[in-house]
Amino acid sequence: MKNHPRVLIVEDEPAIAELIAVNLRHNGFAPTWAMDSASAQRELDAVLPDVIMLDWMLPGESGLTLAKRWRSHTRTKEVPIIMLTARGDESDRVAGLDAGADDYMAKPFSTKEMLARIRAVLRRRAPEQTEGVVTVGDLILDASTHRVTYNDQLLKLGPTEFKLLHFLLNHAERVHSRSQLLDKVWGDHVFIEERTVDVHVKRLREALGAAGVMVETVRGAGYRLTAQPAVSAPVSGKS
Ligand code: CA
């Protein structure tokens with residue numbers, strides 16, 4: 001990830017835009033704010049951001065219309081878009097994703113959720129950058145030094161657990177089946193029982209200690225690493 005990824009916030013409500021911008025700046029992002037579709041287009045024409053946070057309900061053209069247009073233009077089609085909206089209906093969510101949004105957040109959302117989703121779309125759009133440092137919440141993996149820390153404390157992981165964690169961090173918030181994990185972590189030429197995945201997930205959780213809850217079992221589906229575990233991790237002390 002770049003040092004200060006640029007985030008374009010397209011939001012007509014100044015209080016919300018300001019809150020988002022302050023939190024982004026505080027967390028190492030470089031936010032800019034556009035309050036309507038025309039100024040958003042001007043910003044995009046001037047500097048291409050790394051991520052767009054796009055409000056659905058805007059004066060003039062809607063966020064949906066903008067997302068469709070930006071997806072259809074060569075210059076902007078690769079820029080990840082996270083739709084922001086008060087709408088929570090599934091049909092709206094589907095419409096947003098159909099329009100080309102990479103993700104969707106219903107207001108109000110927490111800073112942690114926002115950061116997790118931004119980092120997730122940045123990772124998805126930049127798979128070649130997997131050699132560096134990967135961060136989800138307070139969990140940090142540095143592939144070049146082979147170090148994993150949680151809340152600045154160094155954790156000891158076996159080689160398979162390290163590979164497994166690296167994959168899960170690079171694809172955080174998504175559910176992976178056991179066979180997908182075997183393919184991606186062990187390699188599909190290796191014949192291993194799916195039960196082996198469970199064993200290594202258990203070891204990984206133990207090695208992660210307090211962060212172990214971030215590795216969630218999704219019943220009937222597989223595993224997921226999340227910044228927002230259903231069972232909450234101990235409070236880190238950071239806001
Ligand atoms: Ca709005």
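Return the FRET efficiency for the residue pair SER144, HIS4: r is the Cβ-Cβ distance, R0 is 25 Å, and the value is rounded to the nearest 0.05.
Details: r = 20 Å, r/R0 = 0.82.
E(calc), rounded to 0.05, equals 0.75.
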Can you count the Lys pairs in the chain whose Cα atoms are under 16 Å apart, with each pair 8 or more apart or on different chains?
5
Averaged per residue, what accessible area in Å² does the chain show with a 1.4 Å probe, protein chains only?
52 Å²
If you bin the C-alpha pair distances of the chain every 5 Å from 0, what whole percents do you get?
1, 6, 13, 17, 17, 15, 12, 9, 6, 2, 1, 0
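Taking all protein chains as present, what is the carbon and sulfur share of the accessible area of the chain, in % to the nearest whole number, probe 1.4 Å?
Summing carbon and sulfur atoms, their accessible area is 52 percent of the total for the chain.
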Over the Cα atoms of region 133-225, each weighted equally, I'd like the Debye log10 I(q)/I(0) at q = 0.11, 0.17, 0.25 Å⁻¹, rounded to two decimals.
-0.27, -0.67, -1.44
Any idea how far apart ARG174 and SER39 come out in nm if each label point goes 7 Å out from Cα toward Cβ?
3.5 nm
So the FRET efficiency between GLN153 and LYS202, C-beta based with R0 = 30 Å and rounded to 0.05, is 0.90
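The values are calculated or read from the model by the stated rules, or taken from the named source; none is laboratory data. Keep in mind that what you see is a predicted model, and the values were worked out from it rather than measured. Note that we place each Cβ from the backbone using ideal geometry, even for glycine, and neighbour counts take in every protein chain shown. When the accessible area is computed, the model is the full protein with side chains, heavy atoms only, and any ligands, DNA or RNA have been set aside. Shrake-Rupley method; radii C 1.70, N 1.55, O 1.52, S 1.80 Å.
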